[in-house]
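Here's the structure, in structure tokens; my notes come after.
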Amino acid sequence: DTQAPPDGWVRFRLTARDLPDREESRELSPLVQGDNTPPTIAFERDGRGWKATVTDAGSRLWKAQVSIDGAPWEALEPADGLLDAAVETFRIPAEKTAGKTMVLVLAADRFFNFATASPRP
């Protein structure tokens, strides 16, 4: 169960015995990073539409997409041009959202924790 360990760096202990009369064997795994917490999405209105800031406390982001009025998902490009950090800013231009009623942003981190959010008008 990958949801059981807390977020952060953990080790797993494996205990095994192949026959009842044999001694147990115990091994520790190398350190592995666990992240079960989805990113957060915050919106800010700017002169060019919406600015979405996506933050993940445990790992870097993997993707961000937008759907406007239920249209198919479109990739969002980070403002700095490279999706390589745990905090990224994305711009949704005003021309895409003018006259539209729903903007939905989906974001995911590299551990496949997903979050969705909509800006408040």
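The values are calculated or read from the model by the stated rules, or taken from the named source; none is laboratory data. Not measured: the values here are computed from a predicted model. Here the Cβ positions follow ideal geometry from the backbone for every residue, glycine too, while neighbour counts run over all protein chains shown.
Please determine, by comparing only the residues of the range 15-40 that are surrounded by 10 or more Cβ atoms within 10 Å (Cβ to Cβ) and among the aliphatic types (A, V, I, L, M), which one is nearest to the chain's Cα centre (by Cα).
Taking the candidates together, the pick is Val32.
Which residues, counting only those in the range 15-45, are more than 21 Å from Lys63 (Cβ to Cβ), at pLDDT 90 or above and assigned to a strand (DSSP E or B)?
Answer for the range 15-45, where residues must be more than 21 Å from Lys63 (Cβ to Cβ), at pLDDT 90 or above and assigned to a strand (DSSP E or B): Thr15, Ala16, Ser25, Arg26, Glu27, Leu28, Arg45.
Can you name the residue in the range 109-121 that is surrounded by 12 or more Cβ atoms within 10 Å (Cβ to Cβ) and over 13 Å from the mean Cα position of the chain (by Cα) and, of all such residues, is nearest to Gly49 (Cα to Cα)? Please lay out each step first, then the result.
Residues of the range 109-121 that are surrounded by 12 or more Cβ atoms within 10 Å (Cβ to Cβ), as a first pass: 109-111, 113-119.
Now restrict to residues that are over 13 Å from the mean Cα position of the chain (by Cα): 118-119.
Working: Ser118: 13, Pro119: 11 Å.
Going through the qualifying residues, I end up with Pro119.
Looking only at the range 81-106, how many residues end up being under 18 Å from Ser59 (Cβ atoms) and not polar (S, T, N, Q)? Spell out the reasoning first.
Step one: of the range 81-106, the residues under 18 Å from Ser59 (Cβ atoms) are 82-90, 106.
Retained after the next criterion (residues that are not polar (S, T, N, Q)): 82-88, 90, 106.
Matching residues across the range 81-106 total 9.
Which numbered condition trips up Leu106, out of (1) of a type outside the set (Asp, Glu); (2) surrounded by 14 or more Cβ atoms within 10 Å (Cβ to Cβ); (3) touching a Pro at 6+ places or on another chain (Cβ under 9 Å)?
Here Leu106 clears every test but (3).
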